[in-house]
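Below is one structure, written out as structure tokens; comments come after it.
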Amino acid sequence: MALLPILEFPDPRLRTKAKPVTQVDGAVRKLVDDMFETMYDAPGIGLAATQVNVHKQVIVIDISEDKSESLVFINPSIETLDQTLFDYEEGCLSVPGFYEEVSRPRGVRVKALDREGKPFEIEPEGLLAVCIQHEMDHLSGKLFVDYISSIKRDRIRKKLQKSQRTQA
């Protein structure tokens, strides 16, 4: 396994739309393993392949405290079951150090392939539902900062760019 570099906002590669995985093979499973290692190391609870500059529809998530509930979503699709929105304070490994409230649908159904390429379906709630929607946005080239005001988004962009310049 290997740690992968995580792209940071406003990197334009984060806006790339991910392509479906055509075959779940050893290379995809290695990507999944590397993504879990990267996510746990960061530390985070979700990571989309887009964030590590791999533009395939692959997401890894683990919202457990003890890293025991790893979930893999390959070629995920989402359906809104309950239009009621709820607010959740979100952060992102690609927007480090910033948290903002985002409104998302309360009820969703997600269909995807697992790590072995087998189809499955879930109807998550709470944090897991938020995390899946957040990571699926990445696959479409969207970030949680797109849900906040342009003034806040510009402030975050400027702070991250300044931080990136001082680290370079």
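Only the coordinates and a few stated rules stand behind these numbers; no lab work does. Predicted, not measured: the structure shown is a model, and the values here were computed from it. With ideal geometry, Cβ positions are generated from the backbone for all residues, glycine too; neighbour counts draw on all protein chains shown.
A full extension of the chain between residue 168 and residue 121 corresponds to an added length of 12.6 nm, given 0.36 nm per residue minus the alpha carbon distance. Projecting the Cα positions of 149, 161, 124 onto the charge dipole of the stretch 122-164 (unit charges on Cβ atoms of Lys, Arg, Asp and Glu, taken about the Cα centre) puts 161 furthest along the positive direction.
Can you figure out the FRET efficiency of residue 69 with residue 150, using R₀ = 35 Å and their beta-carbon distance, to the nearest 0.05?
Values: r = 36 Å, r/R0 = 1.03.
Approximately 0.45, to the nearest 0.05.
Of 56/159; 56/111; 19/67; 17/118; 17/152, which pairs sit farther than 18 Å apart, going by alpha carbon to alpha carbon? Correct reply: 56/159; 19/67; 17/118; 17/152. Database remark: amide H of residue 81 closer than 5 angstrom to the amide H of 107, 108, 109 (H placed geometrically; neighbours at sequence offset of 5 or more, or on other chains; Pro and chain starts carry no H). Within the listed set 57, 133, 23, the residue fluctuating most in the Gaussian network model of the chain (springs between alpha-carbon atoms under 10 angstrom) is 23.
By the gyration tensor of its Cα atoms, with a ≥ b ≥ c the square roots of the eigenvalues, what is the shape of the stretch 2-51: rounded for a/c under 1.5, prolate for a/b over b/c, or oblate? Taking the square roots of the gyration eigenvalues as a ≥ b ≥ c, the stretch 2-51 is oblate.
For the chain, modelled as a GNM whose springs connect Cα atoms under 10 angstrom apart, the maximal fluctuation among 85, 47, 14 occurs at 85.
The Rg/Rh ratio for the stretch 1-114, using Cα coordinates for both the radius of gyration and the Kirkwood hydrodynamic radius, is 0.95. Based on the Stokes-Einstein relation at 4 °C and a viscosity of 1.567 mPa s, and on the Kirkwood radius from alpha carbon pairs, the stretch 37-168 is assigned a translational diffusion coefficient of 83 µm²/s.
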